[in-house]
Amino acid sequence: MTTTRTNRSLTTLIGLATCLGLGAQARAQDVAITNARVIDSKGAELKDATILVKDGRIVEIGPKVKVPYDATEIDAKGKVVFPGMVLADTSEGMDRANESVPVGPYLNVLDSIDPSRLFFEESLREGHTTLHVIQGEDAVVTGLGRVLHPIGMTVSEMTVRGETALRIVTAGKRGFDRVKQRALLRETFAELTDYVEGVAEKRYAEEEKKEQREVTVPPAKARELGMKLLRPGDLDDKHRNLWLLTQGKLDAFVSVPRAQDAAFAVQLAEENGFLARTTFVLGTEAHKAVAVFKAAKRPVILDGTLYHRQRDPLTGEEEETFVPAVFAAAKIPFALLPDARGIGGRYLWYQAARCVREGVDRATALQAITSVPAAILGLGERKGEIAKGRDADLLILSGDPLEITTTVEQVLIGGRVVYERAKDYRLRMLNSGAQDDDKTSDEDKKSDDDKKSDDDKTSDGDKTSDDDKTSDDDKTSDDEKGDKSDEQGGK
């Protein structure tokens, strides 16, 4: 009896452990995508290829890859496999895009991201597998951004890289003109220097006291020596992230709305020691300062509008410039952003297709939505490419990534299938809703026809009734006339 109970308990525990381990087992399972047409970030193709994924990473790729017997096989015959697209800069997915404080480097989007936002679901549907969420441009200095996968129940589950960058905005905050905004930026970094030097001097004095030595050096030298002893924990929350930025420990996303802001932006980054980790986020008019950005030797992120339009002051004629073509010609790496103001512009692949249409090299356009933004986010060795050792963030498409008729059939993140168009409930309901509308329209039309038929029938019935009534009246009249004749004859 005791043995039976023990066996039952063991069986229950094993069953429970198996159930609890299913998620981890699914994540670790080998995956083989077979019979695929593979297009990488440079546009190079492999036909009838197999991609083997193990522990979330690509371990082998080619036409003659042996598929393990226990691997989950995804047959991609007739489909295209393309790297997951990378969105380098977005303020979507949060409670609010901007905070009320103009200078808030102590803030963190971790506290504002809402995993239940529809934005993340739409990102999967659109093939965006890596997202950099950071506060918007209605600020002077923002809080820390965060790189996410658009899948997960909590922010920690979604996080690829936490505490990535601060955004510094050179112009354009509401209520600020350029003079005021630039003055506040200079003041912010000057105050940071004064504060850090004071902490460094104090830190040096504490260290000398610990060693039971008197401070014998001048204050300037004490500050210099103390700087080597500083740790992030020595600084308060208000200053810590800005200091890490100046020490090259954080990235900077420097927003440059217009060409006149370019030189100031580069100078600010150089003087405060963070140019080497700066990405410039440009407005369309800023393309006129392309020489400044080329000299800075840093990548840029282009506004989703892509075109800059202005009127010639002499002729009054409208001039149009396709901005990505300017940076492509200058050989400056650039990443593309969606354009929320257009229908197709919301898709990164559509933005890349526009580049090709306007004469930008196909490889450059594809890299602008894959490998370049991945490198900007410090993930160039993991994301944005199909190669051995890279994360298996892959899209299975119905056709070429830049064809307008192409749809995202499946999305894999870390080798796991996280989206399937065939099982997209919201999309299915949307499509069925359109069909229901057509069906309702047909039913309404049929109902109208039936009603008309009934009305005609009723009209005919009424007409027959009137005819019968007239006939009866005539008959009654004749009978009365006959009776009257009989009466006269009888007389």
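In segment 330-347, the count of residues that are more than 30 Å from Leu245 (Cβ to Cβ), buried (at least 20 other Cβ atoms within 10 Å of the Cβ) and touching a helix residue (DSSP H, G or I) at 6+ places or on another chain (Cβ under 8 Å) is one or more. Reported count of residues in segment 29-63, each being buried (at least 16 other Cβ atoms within 10 Å of the Cβ), touching a Lys or Arg at 6+ places or on another chain (Cβ under 6 Å) and on the phi < 0 side of the Ramachandran plot, is 3.
Scanning segment 246-270 for residues that are in contact with a helix residue (DSSP H, G or I) (Cβ under 8 Å, 6 or more places away or on another chain), hydrophobic (A, V, I, L, M, F, W, C) and not in a strand (DSSP E or B), which turns out surrounded by the fewest Cβ atoms within 10 Å (Cβ to Cβ)? Across segment 246-270, the extreme among qualifying residues is Ala263. Within segment 372-416, restricting attention to residues that are assigned to a helix (DSSP H, G or I) and in contact with a strand residue (DSSP E or B) (Cβ under 7 Å, 6 or more places away or on another chain), the residue that is surrounded by the most Cβ atoms within 10 Å (Cβ to Cβ) is Pro373.
For segment 149-160, the condition of being in a helix (DSSP H, G or I) and either of a type in the set (Asp, Glu) or over 26 Å from Ile376 (Cβ atoms) (or both) holds for at least one residue.
With respect to the conditions (1) buried (at least 16 other Cβ atoms within 10 Å of the Cβ); (2) free of Cβ contacts under 8 Å to residues at least 24 places away in the same chain; (3) charged (D, E, K, R), Asp234 falls short on a single one, namely (2).
Return yes when Gly273 is outside any helix (DSSP H, G or I), more than 16 Å from Val169 (Cα to Cα), in contact with a helix residue (DSSP H, G or I) (Cβ under 6 Å, 6 or more places away or on another chain) and assigned by TED's automatic domain parsing to the domain that holds Arg178 and no when it is not. Yes: the conditions hold for Gly273.
Would you mind stating whether Thr279 is at pLDDT below 95, in the same structural domain as Ala374 (by TED's automatic domain parsing) and hydroxyl-bearing (Ser, Thr, Tyr)? Spelling it out, it is not the case that Thr279 is at pLDDT below 95, in the same structural domain as Ala374 (by TED's automatic domain parsing) and hydroxyl-bearing (Ser, Thr, Tyr).
Residues considered: Glu214, Glu285, Glu224. Of these, the only one that is modelled with pLDDT of 95 or more and acidic (Asp, Glu) is Glu285.
Within segment 281-313, being in contact with a strand residue (DSSP E or B) (Cβ under 9 Å, 6 or more places away or on another chain) and assigned to a loop (DSSP other than H, G, I, E, B) holds for Gly283, Arg298, Pro299, Asp303, Leu306, Asp312. Candidates Gln351, Gln367: the one that is out of contact with any strand residue (DSSP E or B) (no Cβ under 8 Å at 6 or more places or on another chain), under 20 Å from His132 (Cβ atoms) and touching a residue at least 60 places away in the same chain (Cβ under 8 Å) is Gln367. In segment 96-117, the qualifying residues are those that are in a helix (DSSP H, G or I) and in contact with a Gly (Cβ under 8 Å, 6 or more places away or on another chain), and the one that is surrounded by the fewest Cβ atoms within 10 Å (Cβ to Cβ) is Leu110.
Would you call Phe274 of a type in the set (Phe, Trp, Tyr), in contact with a Leu (Cβ under 7 Å, 6 or more places away or on another chain), on the phi < 0 side of the Ramachandran plot and buried (at least 21 other Cβ atoms within 10 Å of the Cβ)? Criteria met by Phe274.
So for segment 118-137 (the condition being of a type in the set (A, V, I, L, M), at pLDDT 95 or above, surrounded by fewer than 24 Cβ atoms within 10 Å (Cβ to Cβ) and part of a loop (DSSP other than H, G, I, E, B)), does at least one residue qualify? No, segment 118-137 has no match at all.
As a summary of the residue check, Leu166 satisfies the conditions (1) crowded, with 16+ Cβ neighbours inside 10 Å; (2) among the aliphatic types (A, V, I, L, M); (3) part of a loop (DSSP other than H, G, I, E, B) except for the one numbered (3). Within segment 229-262, being more than 26 Å from the chain's Cα centre (by Cα) and aromatic (Phe, Trp, Tyr) holds for one residue alone: Trp243. Taking first residues from segment 378-389 that are within 16 Å of Ile61 (Cα to Cα) and touching a residue at least 24 places away in the same chain (Cβ under 8 Å) and partners that are surrounded by 16 or more Cβ atoms within 10 Å (Cβ to Cβ) and among the aromatic types (Phe, Trp, Tyr), the Cβ contacts under 9 Å between residues at least 6 apart in sequence or on separate chains come to Ile386/Phe82.
The selection criterion, being at pLDDT 95 or above, surrounded by 13 or more Cβ atoms within 10 Å (Cβ to Cβ) and either of a type in the set (D, E, K, R) or in a helix (DSSP H, G or I) (or both), holds for Leu184. Across segment 327-366, which residue is nearest to Glu285 (Cα to Cα) among those that are of a type in the set (D, E, K, R) and outside any helix (DSSP H, G or I)? Ranking the qualifying residues of segment 327-366, first place goes to Asp339. Being surrounded by 14 or more Cβ atoms within 10 Å (Cβ to Cβ) and assigned by TED's automatic domain parsing to the domain that holds Val141 is not true of Leu229.
The values are calculated or read from the model by the stated rules, or taken from the named source; none is laboratory data. Keep in mind that what you see is a predicted model, and the values were worked out from it rather than measured. Reconstructed Cβ throughout: ideal geometry from the backbone, glycine too, with neighbour counts over all protein chains shown.
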